[in-house]
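The values are calculated or read from the model by the stated rules, or taken from the named source; none is laboratory data. Remember, predicted model here, so these are calculated numbers, not experimental data. Because the Cβ atoms are built from the backbone with ideal geometry, glycine has one as well, and the counts that use them run over all protein chains shown. The accessibility values were calculated without ligands, DNA or RNA, using every heavy atom of the protein model including side chains. Shrake-Rupley method; radii C 1.70, N 1.55, O 1.52, S 1.80 Å.
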Amino acid sequence: MKAEEEHISLAIVGHVDHGKSTVLGRLLADTGSLPEGKIEQIRANCERNSKPFEYAFLIDALKDEQSQGITIDSARVFFKTKKRNYTLIDAPGHIEFLKNMVTGASRAEAAFLVIDAEEGVRENSRRHGYLLSMLGIAQAAIIVNKMDLVGFDRSIYERIVTEYTEFLARIGITPLCFLPASARTGEGIAHFQGSMPWYKGPTVLEVLDTFIKEEPPTAKPFRMPVQDIYKFTGFGDSRRIIAGTALAGSARIGDEIVFYPSGKKGRINTIESFNTEARTEIQAGQASGFTLDEQIYVARGELAAKAGESRPRVTTRLRINLFWLGKEPFRKKTEYILKLGTSRVAVFVEEITRVVNASDLHSDTDREMVERHEVADCILKCNRAVAFDLSQDSALTGRFVIVDDYEISGGGIIREALEDKQAWVRDKVFEREYKWERSAISLEMRAEKYNQKPTLIIITGQKNAGKKPVAKALEGRLFSDGKIVYFLGIGNVLYGIDADIKGTGNKREEHIRRLSEATNLLLDAGVIVLATAIELTRDDLEIIRTVIEPERIGVVWTGDPVTTDIPCDLIIPEPRNTEESVSLIKTLMQDRGIIFRPW
Ligand code: GDP
């Protein structure tokens, strides 16, 4: 890569009104990055409206137009020095910053943190410092701005340096440097004007060029969150392009790729890149797609890794460090959405271990909730397994955000993958998937031929709630509709497949695993399977969902009340006759596209 093509992303953070936008505006103006006449135009505008000119207005004005030379959007300013290109991420608040770091197009590799010399270190100066440390942004330069307001006084500057260095040391950050400046007068931004003869260090612009470019983690194990699956539309062409942005490592044509959490695998057949020359390799940082030699069912949200390299962690329980920003506190036993890579799963807060105030670093244990601006060490329980890395191993696949009521309300990093109750089943499933001999007839071909989506419908409820008659009547109805359907009686498994463990003590979990494996074969053969079981629990279902893709399972509870904690897709309260129950389940199946409604 030529030096002038090097590109680096920086965040500008700091307490509101400490001068982030002014520093940015000044940088653009003093490096000649602005379109001709822009400053004059804004000055004239200000004069007309009798308000004083502000460099910060430049940023607002540029946001409204896509000018040549520099481009700008709501959160980012692109500009260049002689050395390289920059994306400056203007992060007015914590949420925007987190969003950018975890989900956004630009992830900061380094940061400027702006502190007002007159106001000194404020709460948000500290909180932003905490965020930088948590997200692993090791390169931070601190601009002590508005030095003009304190008469360019060296002792005031040094007091701030001492106070903030001490805070940063407590959270494990050693800043690259401190810089005294005045964005309003331009002192110390791109030039020195002689107001601070006592300062012998670099300007903001000089420091900009000294940040070290983070190399994309090409040497790490391959990781690509699956963003989308594109289908070829040509007749008889059933290939799929699995698309996404590689976050780490590299993969070549012929490499064996394993997707997590499903454990499905395939070899890369072709690499499809967008608007670039044909590639034979995907590298960290590149957006691309690939096709596989076998048609497997991969869903958005899975994490692609390479066989033979260290595999991502897969579990439903995570120990995390969370930075909470929601209006409502983050509470135990409440459901949230976790966005991790391209996956979204529902999570519960199992434990809040420790809470730290990100500003004064006071810490607390034994709390029921985490308030806004607090940082917490917690355990999350996901409603289905997720694949990720620990943040200390791979920053980009170890970060997440949390959505509460449709809004991003917090974010953080994953510290530890905790064992869950299904870990023993998952290991077997990975092995199974790895060894799976795939038929030349794909799942989709069968689904098309049979005109149905192979699915397991579990009918559960209390003893004598009429589960079996309903299941058998439903089987009959679907059969006469021309569906390929099979009622799988528990007894059929218990005395056959389970003969070796029958009566050998409490083997409920193993029974469920085997029943699920038997069902999985039938589903692979394209069949709709109907099974009944007495009072299944959430834990039971989790085993089933580990063996069988969660999308292929429907849970129906017959009779009230629901006596276990199992999440149901349909509850049929009593009194209902068999016919009514069958119709209700059939409607559920139609709604989910398992079978189709007649025209
Ligand atoms: P932001 O909220 O951090 O982006 O802050 P702005 O850049 O919008 O600045 C807030 C206010 O501080 C504006 O009125 C600026 O003119 C003023 N300001 C910014 N930098 C300086 C400076 O170096 N000296 C003085 N005196 N005022 C400044």
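For Thr280, the conditions (1) modelled with pLDDT of 90 or more; (2) over 28 Å from Ser439 (Cα atoms) all hold with the exception of (2).
Within segment 165-196, track down each residue that is away from the ligand (no atom under 12 Å from the Cβ) and part of a loop (DSSP other than H, G, I, E, B). Result: Ile171, Gly172, Ile173, Thr174, Pro175, Leu176, Ala190, Phe192, Gln193, Gly194, Met196. Scanning segment 34-60 for residues being open to solvent by 50 Å² or more (accessible area, probe 1.4 Å), part of a helix (DSSP H, G or I), within 13 Å of the ligand (Cβ to nearest atom) and not aromatic (Phe, Trp, Tyr) gives a total of 1.
Residue check: Arg240 meets all listed conditions (1) over 21 Å from the mean Cα position of the chain (by Cα); (2) closer than 26 Å to Ile95 by Cα but one, namely (2).
Selection over segment 1-33 of residues that are open to solvent by less than 30 Å² (accessible area, probe 1.4 Å) and more than 14 Å from the ligand (Cβ to nearest atom) gives a count of 4.
Going through (1) crowded, with 20+ Cβ neighbours inside 10 Å; (2) part of a loop (DSSP other than H, G, I, E, B); (3) away from the ligand (no atom under 14 Å from the Cβ) one by one, Leu132 falls short only on (2).
So that you can scan it fast, the table gives a plain yes or no per residue for (1) modelled with pLDDT of 80 or more; (2) closer than 26 Å to Ser343 by Cα; (3) not hydroxyl-bearing (Ser, Thr, Tyr):
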site: Asp73; (1), (2), (3): no, no, yes
site: Arg84; (1), (2), (3): yes, no, yes
site: Ser106; (1), (2), (3): no, yes, no
site: Leu131; (1), (2), (3): yes, yes, yes
site: Lys146; (1), (2), (3): yes, no, yes
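Taken across segment 146-160, residues that are within 16 Å of the ligand (Cβ to nearest atom), out of contact with any Cys (no Cβ under 6 Å at 6 or more places or on another chain) and under 30 Å from Thr245 (Cα atoms) do not occur at all. Set side by side, the residues Gly505, Gly559, Gly593 differ, and just one is in contact (Cβ under 8 Å) with a residue 60 or more places away in the chain and surrounded by fewer than 18 Cβ atoms within 10 Å (Cβ to Cβ), which is Gly593. Identification of helices (runs of 4 or more DSSP H) wholly contained in segment 396-498 with 3 or more residues that are open to solvent by less than 80 Å² (accessible area, probe 1.4 Å) and within 30 Å of Arg311 (Cα to Cα) yields 423-435.
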